[in-house]
Structure formats: C-alpha cells, structure tokens
Amino acid sequence: MEIYSEEELKRQKLIRKRAKTAMAAVSAVAVIVCVVMFCVVTPFNERPCRICAAAALAVAACFDVYVSGYVLPYIRPDAYGKPKSKAGKVARNLLRQLLLYLLCIILSAIFTTFVFGRIRDTVPAKKISIFADVPSVKSAELEVLFSEDLPEGIKMVKAHTFDYDVLGFAGGSEADIFIVEASDAEKYLEHFAPVSEFLPPRSVYQYYVHGGVPYGVLIKGGGNASAAQYIEYQEGRDYYLFFGNKSLHPGQDGAAAYIAERLMTLR
C-alpha cells in the first residue's frame, strides 16, 4: 500500500489541474488552426492547408493521449536514491504508446482529408473531371480559369494526371474528359465514347478513328498544342481528347462538351 503525504497529494492535484488546462489549450489551438485552414483553403494552397490541419490535429491528439496515460493518473511517490532523468522517462513513455500515436496521426489525416474533400470537391454529377496521361497538369490554374464560366449545374472542374489514381486506371469510372497520347489510345478505348455523342462534326477537327468511328479530337500535334501553358505534354508526341463513356454529362449541348471546347481553344 502506497502512503502519500499531504504535500504529495497537493502536488499531484496541481499537476493534474495544469495538465487538464494544457490539454484544453492544445486542443483549442488545434481546432482554431483547422477551422482557419478550412476557411482559407483555395485551389492554390490546398496541399499546405491539408498538411497544417492534419499536423495540428495529430499533435493535439498525441498530446492528449500522453497526458491521459502518464500525467492524469496519480503518480507513484518519487523513489529515493537514484535520480531519474525526466527526458529519459518521457522517451520511454512515448515508446510504450508508439502504436497509439501512429493511430492518432493516421486518423487525423483521414479526418482532415474527408473535410477538405467536402470543401474542395463535390459529387461527380456537379463537376467535370479531366484526366490527362501527361507528366503534370496545373490543376489549380485550370480550376480557377474554368470557374469563371461554368455550365449550369456544374460547381467546379477538376483536372488530374493519370497518377492521381494509384490503384488502377485513373478516372475509368468518373472521368468526363481524357487526354491520351495517340500511341496509347487503343489501350484505353473501352473507356471512351464516340466523339459524335458530345461534339458535332467540324472541319477543323482532326479525329482519332478506330473501326471507322471517330473517338477523339487532336489536341496536341501538327505544331499546335491546346492549353500548353496548363498541360505538360511530352515533346514530339501527339495527344487526343476523348470523352468518357460513363460521363454524367453527355450530349452535344452537355457540360462535358462545353468544357472540352473551351479546353481546345486555350493556348
């Protein structure tokens, strides 16, 4: 049975009170940081805002776990004789709960990703998704550019490279518009719709034809490159614009066709 002196009990009560105050303060700061990041996020600063919010939430969660595990419970009276290093004690405590801290970090990242997804994204029915098989795309710049004149019912335009989906074919189930190198077009043909379902025939178009059916429109080739300041094409290669056969915005007067024509007129 441990016997605590009155002085020891008072000391521990003070430590617990300070610990609870510190927990509340750290959690409040984390909430404020997250709210600020949610409010100031734009297409251009989304990544740093996500990182800051996730980091603030993870730090607060880990701090609360540490305090709850090693500070709030009553502490055994200090042993006489051998002095203990405070830093060493903290390090040992951290290692004991390492897996719990990792879980806090993972859950913080998942939560902030979910919230930012709600803020900076929308359902497929209210956006036009562009997937390009190119080294890089200036997604933020294109999103802001198209936001100035969106079709009715569309809230945003999202542009990604194929690397956006690391688990499989990028955009296979959600893309409205694809930009694919000519030599790879046949490989993805099952995901494309005939171009006539979206764009009326025009003499200025150069088509990618398969089995006598036009599926794509030349967007980069023959010395011309549409949207070259936003899309990094491979030099010396031709690219075609295709429409996804699962697009939620079909039709020659649909939103996908409107954005595609705007994209092809960009220089």
Matching residues, the stretch 99-122, being open to solvent by less than 80 Å² (accessible area, probe 1.4 Å) and either among the aliphatic types (A, V, I, L, M) or touching a Gly at 6+ places or on another chain (Cβ under 9 Å) (or both): Leu100, Ala109, Val115, Ile119
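With Lys89, Lys126 as the choices, which residue is touching a Lys or Arg at 6+ places or on another chain (Cβ under 6 Å) and open to solvent by 30 Å² or more (accessible area, probe 1.4 Å)? Even if it seems obvious, please write down each step before you answer.
On the way: Lys89 fails: touching a Lys or Arg at 6+ places or on another chain (Cβ under 6 Å).
Lys126 is the lone residue from the list that is touching a Lys or Arg at 6+ places or on another chain (Cβ under 6 Å) and open to solvent by 30 Å² or more (accessible area, probe 1.4 Å).
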Out of all the residues in the stretch 17-31, is one or more within 18 Å of the chain's Cα centre (by Cα), closer than 30 Å to Ser139 by Cβ and assigned to a helix (DSSP H, G or I)? no
List every residue pair whose Cβ atoms lie under 6 Å apart, where the two residues are 6 or more positions apart in sequence or sit on different chains, the first residue falls within the stretch 30-53 and is over 18 Å from Ile110 (Cα atoms), and the second residue, located anywhere, is part of a helix (DSSP H, G or I) and open to solvent by 40 Å² or more (accessible area, probe 1.4 Å). Pro43/Val144
List every residue pair whose Cβ atoms lie under 8 Å apart, where the two residues are 6 or more positions apart in sequence or sit on different chains, the first residue falls within the stretch 1-29 and is under 15 Å from Ser68 (Cα atoms) and at pLDDT 80 or above, and the second residue, located anywhere, is open to solvent by less than 50 Å² (accessible area, probe 1.4 Å) and among the acidic types (Asp, Glu). Met23/Asp64; Val26/Asp64; Ser27/Asp64
Write out, first by first residue and then by second, each pair whose Cβ atoms fall under 6 Å of each other, whose residues are 6+ apart or on separate chains, and whose first residue, in the stretch 146-165, is touching a residue at least 24 places away in the same chain (Cβ under 8 Å) while the second is of a type outside the set (A, V, I, L, M, F, W, C) and assigned to a loop (DSSP other than H, G, I, E, B). Lys155/Thr122; Phe162/Asp133
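The values are calculated or read from the model by the stated rules, or taken from the named source; none is laboratory data. In this text, all values refer to a predicted model and were calculated from it rather than measured experimentally. A quick note on method: Cβ atoms are made from the backbone with ideal geometry, for glycine too, and the neighbour counts reach across all protein chains shown. Please note that ligands, DNA and RNA were not included when accessible areas were found on the heavy atoms of the full protein model with its side chains. Shrake-Rupley method; radii C 1.70, N 1.55, O 1.52, S 1.80 Å.
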